[in-house]
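Input: a single structure, listed below in structure tokens.
Each reported figure results from applying straightforward, stated rules to the coordinates on display, with no laboratory input. Remember, predicted model here, so these are calculated numbers, not experimental data. Neighbour counts run over all protein chains shown; Cβ positions are idealised from the backbone, glycine included.
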Amino acid sequence: MSEPIQHLNAVLNGYVWGCPMIVLLMGTGLLLTVLTGFVQVRRLGFALRELQGKITQRGGGVGSVSPSSILAAGCSCSCCTRASCRTRLA
């Protein structure tokens, strides 16, 4: 009973995750870029200046975490595949 379902699932996965998905993702990205007026390009300088300014700032009050600590924790967890690493930082 499960073999026909597995075969159908394999056929659908092969079709969906192939060329149609790439075209859909690229088309959606292009459409949203045009509809938002190329905001990724227009505001890149502002975003980089904000990021640089926020990273170099110190934490504000009691219990606050500095932006550079948050960046370091995020980068370290992005390469950690164990769930225990992610839950310890949360």
R0 = 25 Å: FRET efficiency of Q40 with C75, Cβ-based, nearest 0.05?
0.70
Cα→Cβ-extended label distance, 7 Å offset, between V16 and E50, nm
3.5 nm
If I model a spin label as a point 7 Å beyond the Cα along the Cα-Cβ vector, how far apart are those points for S2 and V23 in nm?
3.5 nm
Stick to the Cα atoms of segment 1-57, pair each with every other, and give me the Kirkwood hydrodynamic radius in Å at one decimal.
15.0 Å
